[in-house]
Amino acid sequence: MADSSLGNVSVSSTPLERFEEFLQSRGKRMTRPQRLLIDHVFRQHSHFDVDMLLDELPQRSDSDHVGRATVYRTLTKFVEAGLLRAFTLDGRTVYEHDYGYPQHDHLHCTECQRLIEFQSDELIRLRDEVAHKNNFRVSGHRFIISGICHDCVQAKRRTKRKVDLV
């Protein structure tokens, strides 16, 4: 669901190390399910929701089982630790990497639900200009453009109705 061509941002520790540090600062220790989740989530860059993550998780044994409630709690902690970013699309919470990943925005296809990542220096300049004019200090932004992707437009063009075949 993602285009990982944006590259990475240099960071001083791995997501696992960063999460361990986050937990230690709160007097907590890492659990086996949390370790399984962080390993899985940061193995590759993709956008996902809880259902997608649960479907992807390997369930090799009872000791590897991670329940839905644990997934929700752990993802919330990942967001609090600055590892993931969460946003709402079509009534579902979608997660993406934040730590070690550059600021970017999205094109959202309302047909296939695909998210296409992009970076725009012009958009950043406009954001900063608007903020400056309004004496506003920017701490971040999220920009999602909704529409229909090229593949879905092409698929609609190829679909022939019975009336078109007469």
Check Met30, Met52 and return the single one that is of a type outside the set (Val, Ile, Thr), in contact with a helix residue (DSSP H, G or I) (Cβ under 6 Å, 6 or more places away or on another chain) and free of Cβ contacts under 8 Å to residues at least 40 places away in the same chain. Met30
Here the residues within region 77-101 that are surrounded by 18 or more Cβ atoms within 10 Å (Cβ to Cβ), among the aromatic types (Phe, Trp, Tyr) and under 10 Å from the mean Cα position of the chain (by Cα) are Tyr95
Scanning for something farther than 26 Å from Arg18 by Cβ, touching a Cys at 6+ places or on another chain (Cβ under 6 Å) and at pLDDT below 95, does region 119-142 turn up at least one residue? no
So which residues in region 124-159 are among the β-branched types (Val, Ile, Thr) and either more than 22 Å from the chain's Cα centre (by Cα) or surrounded by fewer than 10 Cβ atoms within 10 Å (Cβ to Cβ) (or both)? Val130, Val153, Thr159
Criterion: of a type outside the set (Val, Ile, Thr) and farther than 20 Å from Arg29 by Cβ - qualifying residue of Tyr101, Tyr72: Tyr101
Residues of region 40-72 classified as modelled with pLDDT of 85 or more and either assigned by TED's automatic domain parsing to the domain that holds Arg114 or not basic (Lys, Arg) (or both), total: 23
In this structure, does Val138 turn out to be among the β-branched types (Val, Ile, Thr), in contact with a helix residue (DSSP H, G or I) (Cβ under 6 Å, 6 or more places away or on another chain) and not assigned by TED's automatic domain parsing to the domain that holds Leu75? yes
As an exercise: evaluate Asp90 against (1) under 30 Å from Leu23 (Cβ atoms); (2) among the charged types (D, E, K, R); (3) touching a residue at least 12 places away in the same chain (Cβ under 8 Å); (4) in the same structural domain as Leu57 (by TED's automatic domain parsing) and give the number of the one condition it does not meet. (1)
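The values are calculated or read from the model by the stated rules, or taken from the named source; none is laboratory data. What you are looking at is a predicted structure, and each value in this text was computed from that prediction instead of being measured. Glycine also receives a Cβ, built like all others from the backbone with ideal geometry; neighbour counts cover every protein chain displayed.
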